[in-house]
Amino acid sequence: MFGFGKKKPQEVTLNSDQYKFEVEPEQNILDAALKAGVPFPHDCRVGSCGTCACKLTSGKIKPTADFSYVLDGEQLKDGMILACQSRAKTPVAIDVSIDSDAKASATKSYEGVVKKVKSLTHDIVELTIGIDNLEHSGMAGQYSEVLVKQVGNSRSYSFAKAPENENPGELSFFIRNVPKGRFSKWLFDGDPTGQKLEVNTPFGSFYYRDGKGTMVCIAGGSGMSAVKAILEKAAIDQVERDAVFLFGARTQQDIYGKEELEEIKKKWNPNYKFEYTYVLNMEPEDSNWNGARGMVTDYLKSDYIEKNKLEMKDCQGYLCGPPPMIDAAIKEFTSEGMPNNEIYFDKFLDSGSK
Ligand SMILES: Cc1cc2nc3c(=O)[nH]c(=O)nc-3n(C[C@H](O)[C@H](O)[C@H](O)COP(=O)(O)OP(=O)(O)OC[C@H]3O[C@@H](n4cnc5c(N)ncnc54)[C@H](O)[C@@H]3O)c2cc1C
């Protein structure tokens, strides 16, 4: 072999000359950008959400998935690609809209060990990973990628605590047991304590944004993690605004996090309000539950919007959890006048979500 055909790294240029970085032959363009500390827009990184859609203006790429699941015919004709599903075959130039407020830390790879698995509900645990040399550069609301040998591909998990509330050298996550899921099987069927794993961190565009209006937060299932972390951070920073957090669940069995939410309430800037409500949609009618019932979006409408407690056009939205819940909440928020660019969310997409 004389090195013929040996693939080499390629240069990527963003928005004329705004950023330049190299991408390895087996690396996708988004991962290379994030590793270089470029605030490239992204969320799921598995080709489902479309957030990393961008325009290829010159050069050749190799797609690693079919873009047409996410991009329409017009966009494909216009040269749009998904950075998370594209490798560079030649030097490439890309145009992408980068939010001027976007913040990014270069992602790093660590070896970690499972320190603790604590049960929170019948199907959610708190996983604590220990990492000796961790430099936690993530922001509350962002996520890590966790790779376990027995599972094969990595999975994304959102920080369950504001970085300031973590023990040094630890990362915590709330993880739901997804039926027939491979990572879920590894985590829930047995005791993985002491097992090694790889952690790449941080990722994601979901984090606290400055603003004056009330933060309207909605989460479901393990989506409590990212929203709670953002609220913890907002309490630590004593932000000068109100916040409302609605947690949507099926029954009382799905309730968790009360102690931490009480702690946020205690620490919230005393000149402003923080309130949280658990809203149950499948709790038996004859149970001892005296709290809120119904779909979380209906509750927001009947108990906040119609009672004039919230003027949605002046609020900012934070949403995290299952995609259908987020889609319903976005619809409700925008129909009540909240601008699209004031709604931040993280959909917990999985490999069955396409
Ligand atoms: C940005 C982000 C943050 C996230 N944060 C969290 C978090 O904090 N907590 C959390 O619990 N989850 C989170 N998730 C989801 C998480 O990454 C995993 O997707 C989830 O835990 C399921 O992984 P699994 O290996 O158990 O399931 P998988 O093995 O991925 O399977 C998931 C489901 O899809 C089905 N399935 C698998 N392959 C296919 C296929 N080819 N076609 C159809 N169906 C299929 C499976 O049967 C199963 O029901 C997040 C996801 C994203 C994108």
If the requirement is being more than 11 Å from the ligand (Cβ to nearest atom), among the hydrophobic types (A, V, I, L, M, F, W, C), outside the structural domain of Val46 (by TED's automatic domain parsing) and closer than 27 Å to Tyr318 by Cα, which of these qualifies: Ala83, Ala160, Ala102?
Ala102
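Any chance the range 204-214 includes a residue that's near the ligand (Cβ under 7 Å from one of its atoms) and more than 22 Å from Tyr278 (Cα to Cα)?
Yes - at least one qualifying residue is present in the range 204-214.
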The condition of being surrounded by 21 or more Cβ atoms within 10 Å (Cβ to Cβ), more than 23 Å from Met338 (Cα to Cα) and not hydroxyl-bearing (Ser, Thr, Tyr) holds, among Glu145, Glu232, Glu198, Glu166, only for Glu232
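Only one residue in Gly221, Gly213, Gly204 is at positive phi and open to solvent by 10 Å² or more (accessible area, probe 1.4 Å). Which one? First the steps, then the outcome.
Details: Gly213 fails: at positive phi; Gly204 fails: open to solvent by 10 Å² or more (accessible area, probe 1.4 Å).
None of the other options fit; the residue is Gly221.
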With the structure loaded, tell me whether Gly248 is outside any loop (DSSP other than H, G, I, E, B), of a type outside the set (A, V, I, L, M, F, W, C) and either touching a Pro at 6+ places or on another chain (Cβ under 8 Å) or more than 30 Å from Ala106 (Cα to Cα) (or both) or whether it fails that test.
yes
Pairs where the first residue, in the range 110-124, is over 10 Å from Tyr256 (Cβ atoms) and at pLDDT 95 or above and the second is acidic (Asp, Glu) and within 16 Å of the ligand (Cβ to nearest atom), C-beta under 6 Å, 6+ apart
Lys118/Glu126
Given the residues Asp303, Asp286, which is the only one that is surrounded by 15 or more Cβ atoms within 10 Å (Cβ to Cβ) and over 21 Å from the mean Cα position of the chain (by Cα)?
Asp303
Can Asp66 be described as surrounded by fewer than 20 Cβ atoms within 10 Å (Cβ to Cβ), of a type in the set (D, E, K, R) and within 16 Å of the ligand (Cβ to nearest atom)?
yes
Residue set Ser48, Ser58, Ser97; condition more than 30 Å from Leu134 (Cα to Cα) and modelled with pLDDT under 95; output residue Ser97
Can you confirm whether the range 341-353 contains a residue that is more than 16 Å from the ligand (Cβ to nearest atom), surrounded by fewer than 21 Cβ atoms within 10 Å (Cβ to Cβ), of a type in the set (Ser, Thr, Tyr) and on the phi < 0 side of the Ramachandran plot?
no
Can you report the number of residues in the range 89-147 which are in contact with a Leu (Cβ under 7 Å, 6 or more places away or on another chain) and of a type in the set (D, E, K, R)?
1
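The values are calculated or read from the model by the stated rules, or taken from the named source; none is laboratory data. None of the values given here were measured: they were computed from a predicted structure. A quick note on method: Cβ atoms are made from the backbone with ideal geometry, for glycine too, and the neighbour counts reach across all protein chains shown. For the accessible areas, the whole protein counts, side chains as well, though only heavy atoms, and no ligand, DNA or RNA atoms are used. Shrake-Rupley method; radii C 1.70, N 1.55, O 1.52, S 1.80 Å.
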